[in-house]
Amino acid sequence: MLLTEFLEQTGATVAAYDVGRRVGAIARTDFVAFEQAVLPYPLPMQHKAWFALVQTTADNPQDPLIWFLRLSLDEQGLLVQAERDYLLQRLLESVQACRQGADPQAFLQDNPCAFTPRQDRMALLHALLSADLGLAPSRHYAHALEYFRGALGWDQWGFVGYQGIADVACRHVDGPLPDAIAALPDEPLLALCHCLESRPVHGPLADALHARLRLALHRGQTDIRVVAALIRGLSRSADRTALVAVLREVLTHPIGSNIEILAAIGGRAWESLGEDGLLHSFLQQLARNDHGQAAFEHCIRDLLSLPAMSDRLRGALRSPDQSDAVREAFSRMTADRGRGGRPDA
């Protein structure tokens, strides 16, 4: 039996959301195929699937029950079914305990498959769920919306809660955000971009983020945090051509070998690395990144774990046209396998 099937036996509707690499819904067909170990998990992180199963009932749609779970993946990114079977057994025990009046989520307290997301991830999931389920936003939403409209003064960002920013990001892809981007101080801009990395952006909002990114690149002293955040905010831009162009500009900039910048590209904007030779430029910078071989290996292993990137990346790393710097870094990485490293490559 699948987890989704088990939870649906109560008559509830069950939806799956990734809460690891991104926060967003996973198509039911894809999640069922993952549970059946037919398809790899689409957004692995640290070789695990980090997801939430959301149960909603017709008689109480405003109070969904959320299960935060993490399951190990094998070397192909497929579910390790023994963990799923263990989890199902624990759920069965939980049901039996519930019939005796116990808390339905009590079994999560000492369950190695359960976890509590970071507060920013939790806020974004709640914002997304409320929008998806047609529920009211949090009490922080109205204040945040007024802030992004410029009504409170841009220096008043300290009074805007992260939950409100997440609510605005999940409900507004047009006004007032495009007009606010140029005026935002760095801190609220960073928070907004960390929410937008899980949302598709397009049109005026994407244009505003591109303009702010280019402005950040050409300032006298480039702020790495701002550039990395803007890359993350643009990572799901519908205009792939414009995104590839600005990422190429970033990679040819003096900060192009900074590991925070490279991690933002590889960890959030990886879909763009297959475009117009951008992967080649990315690997050149990664091979000479400012944190050395360990950072190179971490980023490569992370990219190899992504189903959409693994074959393309292996081909690029083993290409006879690859540069000496990348070839040498990759050779050191593969040599580590004989000393107990993961055989990812």
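The values are calculated or read from the model by the stated rules, or taken from the named source; none is laboratory data. Bear in mind the structure is a predicted one, so any value in this text is a computation, not a measurement. When we count neighbours, we look across all protein chains shown, and the Cβ atoms used for this are built from the backbone with ideal geometry, even at glycine.
Just one of the numbered conditions (1) within 30 Å of Gly134 (Cβ to Cβ); (2) surrounded by 23 or more Cβ atoms within 10 Å (Cβ to Cβ); (3) in contact with a strand residue (DSSP E or B) (Cβ under 7 Å, 6 or more places away or on another chain) is not true of Ile165: (3).
Every listed requirement among (1) assigned to a helix (DSSP H, G or I); (2) of a type outside the set (D, E, K, R); (3) under 13 Å from the mean Cα position of the chain (by Cα) is met by Tyr17 save one, (1). Here is a check on your reading of the model: is Val32 part of a helix (DSSP H, G or I) and either over 17 Å from the mean Cα position of the chain (by Cα) or at positive phi (or both)? So Val32 fits the description; yes. Every test in (1) assigned to a loop (DSSP other than H, G, I, E, B); (2) crowded, with 17+ Cβ neighbours inside 10 Å; (3) not hydrophobic (A, V, I, L, M, F, W, C) is passed by Gln55 save one, and that test is (1).
Assess whether Gln156 counts as being free of Cβ contacts under 8 Å to residues at least 60 places away in the same chain, farther than 29 Å from Met45 by Cα and not aromatic (Phe, Trp, Tyr). Break it down stepwise before answering.
Values: free of Cβ contacts under 8 Å to residues at least 60 places away in the same chain: yes; farther than 29 Å from Met45 by Cα: yes; not aromatic (Phe, Trp, Tyr): yes.
Taking the combined requirement at face value, the residue satisfies it.
Per the conditions (1) in a helix (DSSP H, G or I); (2) out of contact with any Phe, Trp or Tyr (no Cβ under 9 Å at 6 or more places or on another chain), the sole criterion not satisfied by Glu187 is (2). For the structure I just gave you, tell me whether Ala242 is outside the structural domain of Gly20 (by TED's automatic domain parsing) and touching a Gly at 6+ places or on another chain (Cβ under 9 Å). No; evaluated as a whole, the condition is false for this residue.
Conditions tested, residue by residue: (1) under 30 Å from Ile265 (Cβ atoms); (2) touching a residue at least 24 places away in the same chain (Cβ under 8 Å); (3) touching a helix residue (DSSP H, G or I) at 6+ places or on another chain (Cβ under 7 Å).
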{"site": "Gln36", "(1), (2), (3)": "no, yes, no"}
{"site": "His47", "(1), (2), (3)": "yes, yes, no"}
{"site": "Val54", "(1), (2), (3)": "no, yes, yes"}
{"site": "Pro64", "(1), (2), (3)": "no, yes, yes"}
{"site": "Gln76", "(1), (2), (3)": "yes, yes, no"}
{"site": "Ala82", "(1), (2), (3)": "no, no, no"}
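With a requirement of 1 or more residues that are closer than 22 Å to Ala16 by Cα and of a type in the set (A, V, I, L, M), the helices (runs of 4 or more DSSP H) lying completely within segment 119-179 that satisfy it span 119-132, 162-171.
Of all the residues in segment 212-262, those that are touching a strand residue (DSSP E or B) at 6+ places or on another chain (Cβ under 8 Å) and crowded, with 18+ Cβ neighbours inside 10 Å number 5.
Counting only residues that are surrounded by fewer than 15 Cβ atoms within 10 Å (Cβ to Cβ) and either assigned to a loop (DSSP other than H, G, I, E, B) or touching a residue at least 60 places away in the same chain (Cβ under 8 Å) (or both), how many does segment 309-332 have? Count: 5.
If the requirement is being touching a Gly at 6+ places or on another chain (Cβ under 9 Å), outside the structural domain of Arg139 (by TED's automatic domain parsing) and either of a type outside the set (S, T, N, Q) or modelled with pLDDT under 95 (or both), which of these qualifies: Leu192, Leu209? Spell out the reasoning first.
Numbers: Leu192 fails: outside the structural domain of Arg139 (by TED's automatic domain parsing).
Selected residue: Leu209, the only one of Leu192, Leu209 that is touching a Gly at 6+ places or on another chain (Cβ under 9 Å), outside the structural domain of Arg139 (by TED's automatic domain parsing) and either of a type outside the set (S, T, N, Q) or modelled with pLDDT under 95 (or both).
The rows are residues; the columns are (1) assigned to a loop (DSSP other than H, G, I, E, B); (2) under 18 Å from Ile259 (Cβ atoms).
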site	(1), (2)
Ala191	no, no
Arg199	yes, no
Ala216	no, yes
Thr222	yes, yes
Ala229	no, yes
